[in-house]
Amino acid sequence: MIAKELANPSTEVRSAARACLEILANVTSCSPTALLLPSRDRLLVPIFGKPLRALPHNMQIGNIDAITYCLGLSGFLEINEELLRLLSEALALADAEDQALVNHPTQVHSNTASLTHLRHVCIRMLTAAMMRPEFSDARNMPTRARIISVFFKSLYHKSVEVVDAANDGLRQVLLQQQKLPRDLLQTGLRPILINLSDYKRLTVASLDGLARLLQLLTNYFKVEVGRKLLDHMQQWANPQLLQAAAERSIEDMHEIRILVAILQVFHLLPPPASVLLDDLVSSVVNLEVHLCRRESSPFREPLFKFLNRYPSESVVYFVERIESAHYARIFCHAIRSPDC
């Protein structure tokens, strides 16, 4: 009974089934694999017996979630043709646009939550499959490449849940194989590099995506990314707009949020980024002057993260400018900050 409920359409029931298995495993001193093996066909035959797209979304999610759990069990699920077919289906689901996953385009809005959850569980299952040693065989390399491409694509999704799953998938892949093929890397980075080419294309989401990629792929980026972002900061830091904003609450202003998101990237740049110290601090000082912010501003927290990456250079830099009241205030604030 418990085995079958691992694929239940209800999230709560699936969670309860997994919890019951863990309790039984502890009580009986048996592994979850040993407990499930007698009921393997009862669980897997219905899952492999019908294409995912033929099922309602909640049943697709249940089946995929069950396979993800089984992939994590030692000796329970082998990489065979049935599983590869299911992985191919999940890959197609994760790669498809929302409109392709419903019967009519007008149904997209009402199904947003289930479509997001479906993408999330698909990516989690693909990640679990990628971690299996036997999935690294040469015959599975084309599928691995497609999965990595979907991970990259999903980093730009509007749902944080999907982005987090894709980010974790890429992180696991990089831990496993260290380097990515050049063509996959270029294709995966192209959307973010296109956004970087024009300051008007920058959004908070795209900058968050860049920050995630820098955390995963620091060595694949150059300091020139930081110089480009500094140029974009100058474009967004319109003096007239900043002066008009000085009398208002600035934290929720679109332009300010973009500027803060840009600044959040700098501490993630590769080590030679210390050469940007002067330009970066000067840009923040200029922003604060135009906004009439002397004691604090939303720009300081991300700046302090950068200063903390290069403490020796930062101390020398500020000591040399300690006679400037504004620089002295930033330095004192940085010393008190938990980010430094």
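Some observations on this one:
- Hits in the stretch 53-75 - residues which are surrounded by fewer than 23 Cβ atoms within 10 Å (Cβ to Cβ) and within 21 Å of Q99 (Cβ to Cβ): R53, A54, L55, P56, H57, N58, M59
- Selection from the stretch 294-309 of residues that are crowded, with 18+ Cβ neighbours inside 10 Å and either at pLDDT below 90 or more than 21 Å from L259 (Cβ to Cβ) (or both): S297
One line per residue, one yes/no per condition, for (1) in the same structural domain as I123 (by TED's automatic domain parsing); (2) touching an Asp or Glu at 6+ places or on another chain (Cβ under 7 Å); (3) at pLDDT below 95:
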position: A16; (1), (2), (3): yes, no, no
position: S29; (1), (2), (3): yes, no, yes
position: P38; (1), (2), (3): yes, no, yes
position: R42; (1), (2), (3): yes, no, yes
position: L52; (1), (2), (3): yes, yes, yes
position: L55; (1), (2), (3): yes, no, yes
position: Q60; (1), (2), (3): yes, no, no
position: L71; (1), (2), (3): yes, no, no
position: S88; (1), (2), (3): yes, no, no
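- Counted as qualifying within the stretch 284-340 are no helices (runs of 4 or more DSSP H), as none has 3 or more residues that are within 28 Å of Q240 (Cα to Cα), outside the structural domain of S274 (by TED's automatic domain parsing) and over 33 Å from the mean Cα position of the chain (by Cα).
- Selection count where residues are of a type in the set (V, I, T) and under 22 Å from C122 (Cα atoms), scope the stretch 158-214: 5
- Positions within the stretch 80-97 being farther than 25 Å from K153 by Cα and either assigned to a loop (DSSP other than H, G, I, E, B) or under 21 Å from the mean Cα position of the chain (by Cα) (or both), in sequence order: N80
- The listed residue being assigned to a loop (DSSP other than H, G, I, E, B) and surrounded by 20 or more Cβ atoms within 10 Å (Cβ to Cβ), out of L263, L269: L269
- Failed criterion for V319 (all others in (1) β-branched (V, I, T); (2) farther than 23 Å from W236 by Cβ; (3) modelled with pLDDT under 90 hold): (3)
- Given (1) buried (at least 18 other Cβ atoms within 10 Å of the Cβ); (2) within 24 Å of R212 (Cβ to Cβ), index of the condition Y327 fails: (2)
- Residue check, P142 more than 30 Å from L276 (Cβ to Cβ), more than 18 Å from the chain's Cα centre (by Cα) and modelled with pLDDT under 90: no
The values are calculated or read from the model by the stated rules, or taken from the named source; none is laboratory data. The structure displayed is predicted, hence computed values, not measured ones. We place every Cβ from the backbone using ideal geometry, glycine too, and count neighbours over all the protein chains shown.
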